[in-house]
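Down below is the structure, laid out as C-alpha cells.
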Ligand code: ATP
C-alpha cells in the first residue's frame, strides 16, 4: 500500500500558495505527482483571487487546454508562452513538459527570461512541473523552485507512525524512538521516507542501535538537497567534546527552545550562533553535536560548492529557502567568511559577493521559520565587524587552542574512542606535554599511537602516545604571530568558548 494513500496530509499546495504570495511569476514545482499539482493549481485559480481566474495546462503534445480563445496550434513552447503573455487577465498556466525541453532550446530560455519581466505584477503565473530539477543556471534568478513533495514535521511524524506499525508492529516504536526517527528522516519526500523504511526494516524488523545506524546511512545517501545542502546525521554528542564548557553550557540551556511547548509559551527562539577561531579546535565538532542535543536535523551549506555553481547568489538563496521548508532545523554555514569574500583574501570587487552577504543579513533578520544558523569561520580577519554586529547572532564564540584542563578532557575523549583504559594513562602529564596542540592534533597523536600498538599486537600505552607527542610539531609553534593577531582581534568581539583562559 503506498504511503500517499494512507491519509497522510500533504501541504504542498500551501507551499505553492506561499510562493505565489512572494509574487514570483515563474515557479518550478519539483514533484512526481503532476496530477496533484494540477489539481492544486486548479483550486488556486478558483480561490487565490477574489474571483475565479483562468487556468490552463500545456503539454508538448496537446498545446494549451482549458483556456478560452487560444490560437490553433500552441504546441511550440514559444507560441505557448506568447499565449500567457497576451492573456487578458490574471491566471495560472501549468506547463508540464517545459523543463525537459529547456536543455536544447536557448530560445525558450530567453523567452522565459523576457516573460518574467512581462508577467511580474500582472497576477499571471507560469508553473512548470517536473520530478527532477532540470533548471538551467541562466534561469536561476527568474524561477522560484518549490519543493512540493517535502513533508513538514507533522506529516513525517504521521508517516513514521504508519510505517512503524507496518514494518515493526503496533507500539514497537516508543515515542522517544519515534522522535529520533522523525529527526533523522526530516527533509525526505514521503516516497524517499517509505523507501528508506522498507530498505532498513523489511530485512530486520526491529528498532535498535544497528538499524538506527542503517537509517542514518540511507538518509545520508539520499539527501543532497538543492545541490549545496548536505544532511549531517546526529552521530556526536556533547560528551565527544573535550572542554569548551561555556559553549556547551550555552547549548544545553537552549536544548528545549525548539520544542512545541517552548514556542507556544512564547520563549524567544535562538536565531544563530557564530563560532570562530583556530583551526582544529572543535568548531565543526560542536556544530555536529547540536542535532542530538536539540533533536533537530542538521544541514550543512557548503560555500565552496555554492561558489562552484554558475550563479552562486541564486544557489545560496535557494538553499536558504529549502532549509526553511525543512524547519525546525539547524543550518550549518561552514566557512561563512566565503559568503563575504568568495574565498579570496581581499573581498570587494565582485558585486555578487556583496549581494550574497546582504541576502544573508536580510534573511537572518526576517526569517520566521525555526531555522537555527550555526556559522563557523576560520579566517576571522575576513569578517567585517558589521557582519558580527548585524548578523544578529545570539552569541559569538571564540574557540582558542585548548588549555591544559581541556587537553586533558580531549585526551580522555579520544583514548576512550580507542577503547583504551584511561585510568592507566597519566592524562595530566599528556596534557602538560601538549601545550600549543589543538584538538585535531591530540586526536591524531592518539590515533597514530593506537595504530602502532595494533601493528605490534599489543594494547595502547602511555609510552606510545608520549613518543608520538615528541615527534609532533604543533601547528601553533609555526604560527605564533598569526595566533596572537587572531586572539587580539577576537578579544572584544567574541566570548570565550572555554571556561578558563588557555595555558
Ligand atoms: P577547521 O576550522 O580546520 O575546520 P574545526 O575547529 O572545525 O577546524 P573540528 O573539525 O571540529 O575543527 O576538529 C577536528 C578534529 O579534531 C575532530 O575530528 C575532533 O575529533 C578533534 N577535536 C577538535 N577539538 C576537539 C575537542 N575539543 N574535543 C574533542 N575532539 C576535538
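Here are some notes:
- Looking across segment 151-174, the residues that are under 16 Å from residue 299 (Cβ atoms) and either assigned to a helix (DSSP H, G or I) or at pLDDT 90 or above (or both) come down to 153, 156.
For every residue, the table says whether it meets (1) surrounded by fewer than 16 Cβ atoms within 10 Å (Cβ to Cβ); (2) modelled with pLDDT of 80 or more.
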residue: 134; (1), (2): yes, no
residue: 141; (1), (2): yes, no
residue: 144; (1), (2): no, yes
residue: 149; (1), (2): no, no
residue: 176; (1), (2): yes, yes
residue: 208; (1), (2): yes, yes
residue: 226; (1), (2): no, no
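- Segment 325-343 - residue that is modelled with pLDDT of 80 or more and more than 14 Å from the ligand (Cβ to nearest atom) and, of those, nearest to residue 238 (Cα to Cα): 330
- Looking only at segment 265-287, and only at residues there that are more than 8 Å from the ligand (Cβ to nearest atom) and in a loop (DSSP other than H, G, I, E, B), the one that is nearest to residue 299 (Cα to Cα): 271
- Residues of segment 401-411 classified as out of contact with any helix residue (DSSP H, G or I) (no Cβ under 7 Å at 6 or more places or on another chain) and under 17 Å from residue 487 (Cβ atoms), total: 2
- Condition check for residue 435: at positive phi and either touching a residue at least 12 places away in the same chain (Cβ under 8 Å) or out of contact with any helix residue (DSSP H, G or I) (no Cβ under 9 Å at 6 or more places or on another chain) (or both): no
- Checking 214, 192 one by one, the residue that is closer than 30 Å to residue 21 by Cα and assigned to a helix (DSSP H, G or I) is 192 and no other.
- Single residue of 385, 420, 377, 450 found to be within 16 Å of the ligand (Cβ to nearest atom) and closer than 26 Å to residue 276 by Cα: 377
- Scanning segment 327-343 for residues that are more than 26 Å from residue 386 (Cβ to Cβ) and out of contact with any strand residue (DSSP E or B) (no Cβ under 7 Å at 6 or more places or on another chain) gives a single hit, 328.
- Selection within segment 13-36 - more than 22 Å from the chain's Cα centre (by Cα), in a helix (DSSP H, G or I) and at pLDDT 75 or above: 17, 20, 21, 34, 35, 36
- Boolean, residue 102 is at pLDDT below 95 and within 27 Å of residue 137 (Cβ to Cβ): yes
- Residue among 409, 420 that is more than 23 Å from the chain's Cα centre (by Cα), under 25 Å from residue 449 (Cα atoms) and assigned to a loop (DSSP other than H, G, I, E, B): 420
- Any hit, segment 297-309, residues being within 13 Å of the ligand (Cβ to nearest atom), part of a helix (DSSP H, G or I) and outside the structural domain of residue 440 (by TED's automatic domain parsing): yes
- Taken over segment 423-432, the criterion of being away from the ligand (no atom under 15 Å from the Cβ), in contact (Cβ under 8 Å) with a residue 12 or more places away in the chain and under 21 Å from residue 454 (Cβ atoms) is satisfied by 424, 425.
- Single match in 84, 37, 53, 70 (criterion: farther than 19 Å from residue 143 by Cα, in contact (Cβ under 8 Å) with a residue 40 or more places away in the chain and in contact with a strand residue (DSSP E or B) (Cβ under 8 Å, 6 or more places away or on another chain)): 53
The values are calculated or read from the model by the stated rules, or taken from the named source; none is laboratory data. Computed from a predicted structure; not experimentally measured. Virtual Cβ from ideal backbone geometry, glycine too; neighbours counted across all protein chains shown.
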